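Read-outs throughout are calculated quantities, based only on the coordinates presented, and are distinct from any laboratory measurement. Keep in mind that this is a model prediction, so the values were computed, not measured. No Cβ is skipped: glycine too gets one built from the backbone with ideal geometry, and neighbour counts run over all protein chains shown.
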Amino acid sequence: MAGVTFDNVSKRFGETRAVEGASLEIADGEFFALLGPSGCGKTTLLRLVAGFEIPDDGIVKLGDVLVGRPGWALPPEKRRIGMVFQSYALWPHMSVAENVAFALRVRRVKEEERVRRVSEALEMVGLAGMAERRPHELSGGQRQRVALARCLAMRPDVVLLDEPLANLDVHLRETMQMEFARFHKELGTTFIYVTHDQAEALALADRVAVMDAGGVEQVASPRTLYAEPATEMVARFVGRGIVVPALVIGRTSERVVVDIWGTRLPARGAGASGERRSLCLRAEDLSIATNGGGIRGRVTGGAYHGAATLVTVQPDADGAPELKVEHAGPPPEPGSAVAVAARDGWIIPRGYS
Ligand SMILES: Nc1ncnc2c1ncn2[C@@H]1O[C@H](COP(=O)(O)OP(=O)(O)OP(=O)(O)O)[C@@H](O)[C@H]1O
Ligand SMILES: [Mg+2]
């Protein structure tokens with residue numbers, strides 16, 4: 001088993017900077033997620049771990065072993081890496097068992113050992129009874145289990161998963177997420193899981209790296225990413241935070257006091273009086289004020305979410321972004337004038353407005 005280190009790694013394809021100055025320390029046995037919008041470099045990072053790409057700058061290590069540097073990379077077949085893709089990549093003409101056995105056969109694992117590892121892997125993913133089926137006789141979720149079994153049978157040091165659940169419907173995705181969490185726990189192997197679905201990353205991972213345009217914006221636990229986003233991009237991307245300009249006007253014993261469009265509110269984070277900063281507001285920390293004090297604006301809509309309605313409010317202030325307010329009970333009519341109170345906000349460390 002092994003952890004993975006990226007030290008200031010860059011990878012370019014012609015003019016495209018797919019990965020730019022990325023540094024990450026992924027611990028041995030960690031469930032680590034790479035989260036970010038399409039094209040931000042997630043798959044490229046995985047391919048650097050697998051050995052399909054050579055870095056242009058920086059180094060890649062598996063455990064203590066240098067596996068990639070400019071001009072050289074240890075070939076994929078010399079690394080103990082398992083990969084699971086969105087597309088499953090199963091051989092249609094082979095049975096489930098043959099698919100799982102294939103890579104073992106290529107690596108000349110003896111038959112007795114091969115049979116044992118295949119049946120163990122199929123047992124683990126709950127497909128013991130389907131060993132003789134062909135991929136087209138399986139559901140999408142079952143196919144993805146075969147892909148995972150194939151990867152586990154190789155006894156990899158690191159398992160790379162590239163959007164493995166993107167082709168599945170919402171229900172199955174949730175079930176499979178729990179299964180992945182279980183596999184990880186039982187195996188204790190390092191998992192690097194790529195997704196652009198933040199709920200998936202937050203639910204599964206010990207730590208998440210949020211990427212944007214080839215760079216790493218923040219690496220943190222799901223809780224920290226949500227509560228204390230380091231940049232405006234992370235604030236907006238994780239949990240759809242609203243970023244507003246704020247003026248720091250003082251502090252109480254525990255909180256910083258900020259002013260947004262003439263309304264004072266308590267915020268977490270660091271800021272000195274007089275500084276103009278960016279503040280992240282979450283829908284669950286906002287409410288429609290009943291006493292009239294708060295950010296003045298007009299209701300523009302409401303979306304029913306079961307327990308609460310997400311009410312959108314356009315503040316009267318010039319250039320202000322629309323706010324989202326989690327509201328229990330019947331929502332105010334669109335067009336009505338309201339005031340929005342905030343009980344919490346987060347001063348973004350690397351954000352100045
Ligand atoms: N082999 C290649 N040749 C040229 N450009 C490439 C190549 N591979 C990736 N890129 C470019 O590098 C950037 C990063 O691509 P990458 O596949 O790593 O993104 P991603 O985060 O995995 O996106 P997605 O969520 O859409 O899968 C993109 O702009 C992509 O077009
Ligand atoms: Mg990708």
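Quick look at the values:
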read-out	value
Candidate lysines for bridging to LYS78, where Cα separation is under 17 Å - those fewer than 8 sequence places away on the same chain excluded	LYS61
Descending semi-axes in Å of region 1-85, equivalent ellipsoid built from Cα gyration tensor	18, 15, 12
Segment GLU111-ALA308, extension gain: residue separation times 0.36 nm, minus the distance between their alpha carbons	65.1 nm
Spatially proximal aspartates and glutamates relative to LYS42 (Cα-Cα < 12 Å; intrachain offsets below 8 disregarded)	GLU20, ASP162, GLU163, ASP212
If the convex hull is drawn through the Cα atoms of region 240-347, its volume per residue in Å³	100 Å³
Whole-Å distance, taken between Cα centres, linking region 149-176 and region 261-324	39 Å
C-alpha long axis of helix 96-106 to longest principal axis of the chain, angle in °	70 degrees
Alpha-carbon Rg/Rh ratio, for the chain, with Rh computed the Kirkwood way	1.07
Degrees, to the nearest 10: 170-187 long Cα axis against longest axis of the chain	60 degrees
Cα gyration tensor category, rounded, prolate or oblate, for region 127-175 with a/c compared to 1.5	oblate
Ordering of 181-189, 217-225 by burial proxy (mean other Cβ atoms within 10 Å per residue, highest first)	217-225, 181-189
Length added when fully stretched, ARG255-SER38, from 0.36 nm per residue minus Cα-Cα	74.5 nm
Antiparallel %, DSSP beta bridges [both residues in the chain], to 5	75 percent
Computed label-point distance, nm, for sites TRP72 and ARG223 using a 7 Å Cα→Cβ extension	4.4 nm
